[in-house]
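**Student:** If you scroll down you'll find the structure; I have some questions about it.
All of the numbers you see were taken from the coordinates with simple rules; none came from a lab. It should be emphasised that the depicted structure is a prediction, and the values quoted were computed from it without experimental measurement. Here the Cβ is made from the backbone with ideal geometry for all residues, glycine too, and neighbour counts use every protein chain on show.
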Amino acid sequence: MTVAGPVIGWLAVGLAAGRAARWAADRDRDQTRRRAGAVRGPVAWDGAGVEAVCAVVLAAVAAQLDWGWSAAPYVSLVATLAAVTITDLRHYRVPDRILAAGLTATTLAMGAIGATTGRPDQLRWAAVGAVVFPAPLLMIHLAAPRGLGRGDVKLSVLLGAGIGWIGPPGVGTVLLVVWTLIVACGLGLVGAMVQRAATTARPAASSPPGGAPAGSIPFAPALSIATIGVVIAAGLILG
């Protein structure tokens, strides 16, 4: 059977997911503008191109799962990560409303697929990932609340579920989580260096505009990109 049909189908679903993400991010932006003292992030991104990125990402994830229904939970997961990435870059925020909606939709999809396909083990390891991933981030947040926000910790619950859903049972899920954290920290470091260089080039902007603490960086994009990268490359990572 040709894969052209499934590829086109998942690309179309990805475009819709990207559109939904952009709508959610723009709605949050409009609400933020009405809020006194709203913080402006380092990037005034209008969300352009997010639909295409979501389409390609979702098709790549679906390919790892043989184009089957097991990829369905990643529709809401990818849309949520796209919306969160936009809002974090705009306002240094990971909105609870977007996260709650994404986590609910993803959990329901996982539960439905786990029940109908007779694969409760997949759902069980998604739950394991949702617990394992936030653990180190929560410890960092408790030790240095200004260094890592609560939003990033909450986001990691959804990310861990996505990793556990695709990862094999057992230590494989934990290994994928470790790889994701390593990649995310590396991306965060690169982002911090780029932001510092940009700030140095503009001495007047010694701190992020709008009242954000000096040295703040949006970490949700790094977490999101690292998670998607590890999910797509899970087969290569685990050999």
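**Student:** Just the projected area, averaged over all directions, of the convex hull on the alpha carbon atoms of the range 9-57: how many nm²?
**Tutor:** 3.5
**Student:** Could I ask something else about it? Please work out the FRET efficiency for the pair Arg27 and Ala198, using the Cβ-Cβ distance as r and a Förster radius of 35 Å; give the result to the nearest 0.05.
**Tutor:** Step by step, r from the Cβ atoms, then E = 0.80.
**Student:** Okay, next question. Could you order the peptides 6-12, 163-169, 84-90, 52-58 from most to least packed, using the average number of other C-beta atoms within 10 Å per residue?
**Tutor:** My ranking of the peptides, most packed first, is 84-90, 163-169, 52-58, 6-12.
**Student:** Residue separation times 0.36 nm, minus the C-alpha to C-alpha distance between Trp69 and Ala112: what's the value?
**Tutor:** Difference between extended and current length: 14.4 nm.
**Student:** How tilted is helix 120-132 with respect to the longest principal axis of the chain? Cα atoms for both, answer in degrees (0 to 90, nearest 10).
**Tutor:** Its long axis makes an angle of about 20 degrees.
**Student:** To two decimal places, what compactness ratio does the range 37-118 give when its Cα radius of gyration is scaled by 2.2 N^0.38 Å?
**Tutor:** Expressed relative to 2.2 N^0.38 Å, the Cα Rg reads 1.27.
**Student:** Hey, what do the phi angles of the range 98-106 turn into as Karplus ³J(HN,Hα) couplings, whole Hz, using 6.51/-1.76/1.60 and θ = phi - 60°, x for Gly and Pro?
**Tutor:** 5, 4, 4, 5, x, 5, 5, 5, 5
**Student:** Hey, quick one: spin label on Asp121, modelled 7 Å out along Cα-Cβ, who in the range 48-72 has an amide N within reach, i.e. under 19 Å?
**Tutor:** Residues passing the 19 Å test: 65-66, 68-71.
**Student:** Hey, can you grab everything whose amide H is under 5 Å from the amide H of Gly47? Only 5+ residues off in sequence or another chain; H modelled, so Pro and N-termini drop out.
**Tutor:** Here the answer is none, since no amide H 5 or more places off falls under 5 Å of that of Gly47.
**Student:** Moving on. Please express the Cα-Cα pair-distance distribution P(r) of the range 4-238 as a list of whole percents, one per 5 Å bin, running from 0 to the bin with the greatest distance.
**Tutor:** Distribution as computed: 1, 7, 14, 19, 20, 17, 11, 6, 4, 1, 0, 0 percent.
**Student:** Same structure again: Picking from Ala130, Ala192, Ala226, which is most flexible by a Gaussian network model of the chain using Cα springs under 10 Å?
**Tutor:** Among Ala130, Ala192, Ala226, the largest GNM mean-square fluctuation belongs to Ala192.
**Student:** Along its principal axes, what span do the Cα atoms of the range 110-181 show, with the longest given first and each in whole Å?
**Tutor:** 44, 22, 13
**Student:** To test your reading of the geometry: what angle, between 0 and 90 degrees and rounded to tens, separates the Cα axis of helix 50-64 from the longest principal axis of the chain?
**Tutor:** That works out to roughly 30 degrees.
**Student:** To the nearest 10 degrees, how steep is helix 4-33 against the longest Cα principal axis of the chain, on a 0 to 90 scale?
**Tutor:** Roughly 30 degrees, rounded to the nearest 10.
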